[in-house]
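**Q** Can you keep this structure in mind? I'll have questions shortly.
The values are calculated or read from the model by the stated rules, or taken from the named source; none is laboratory data. From a predicted model like this one, the values you see are computed outputs, not experimental measurements. All Cβ positions, even for glycine, are placed from backbone atoms using ideal geometry, and neighbour counts span all protein chains on display. Ligands, DNA and RNA are stripped out before the accessible areas are found, and what is left, the full protein with its side chains, is counted by its heavy atoms. Shrake-Rupley method; radii C 1.70, N 1.55, O 1.52, S 1.80 Å.
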Amino acid sequence: MRSACSEIHFTATYMFSPVAYRAGQKTLEIYARDEVLSHMTRMGQTLIDGVVEAAAVHGHDISMLGPATMPSLRFRGAGGQERARNFAYESAARGAIFHPLLNWFLSAAHGADDIAEAIDIAAAAFSGTPRS
């Protein structure tokens with residue numbers, strides 16, 4: 001029996017870290033108590049809707065991909081990645097980080113005022129981004 005057990009490899013990420021394990025449990029409790037996922041989904045959908053509208057106002061053809069809690073933006077047509085980089089630069093210069101290729105991540109800390117500000121910044125960035 002002992003020799004058979006000597007060939008078994010056992011590992012567990014949090015086995016020797018009860019503090020990290022308990023922090024994870026508490027985080028899940030707070031997410032449930034405060035309905036964090038619902039909040040993040042609402043804020044993300046508001047952001048998506050606002051960005052899509054701002055893009056249309058400024059003549060950009062975009063698509064938003066991914067779930068509302070972690071959307072990403074794609075410019076349709078020729079030069080889409082270059083326009084995405086330009087949009088990201090214009091946004092960052094105004095105070096919002098919108099990654100040109102990867103997802104944007106919402107958090108429980110993002111409130112309605114933050115999302116409204118991000119949409120305003122996106123609108124200004126679209127105005128400084130060349131159209132296809």
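**Q** So which of G66, G95 ends up being open to solvent by 10 Å² or more (accessible area, probe 1.4 Å), over 22 Å from D113 (Cα atoms) and either of a type outside the set (A, V, I, L, M, F, W, C) or at pLDDT below 95 (or both)?
**A** G66
**Q** I'd like the full set of residues that are touching a strand residue (DSSP E or B) at 6+ places or on another chain (Cβ under 8 Å) and hydrophobic (A, V, I, L, M, F, W, C), limited to the stretch 77-98.
**A** Of everything in the stretch 77-98, those that are touching a strand residue (DSSP E or B) at 6+ places or on another chain (Cβ under 8 Å) and hydrophobic (A, V, I, L, M, F, W, C) turn out to be A84, F87, F98.
**Q** Let me ask something else. Look through A112, A124 and report the one residue that is closer than 25 Å to Y31 by Cα, over 15 Å from the mean Cα position of the chain (by Cα) and open to solvent by 20 Å² or more (accessible area, probe 1.4 Å).
**A** Answer to the selection: A112.
**Q** Which one is least open to solvent (accessible area, probe 1.4 Å) among residues in the stretch 25-63 that are over 14 Å from G111 (Cα atoms) and of a type in the set (S, T, N, Q)?
**A** Checking each candidate, the answer is S63.
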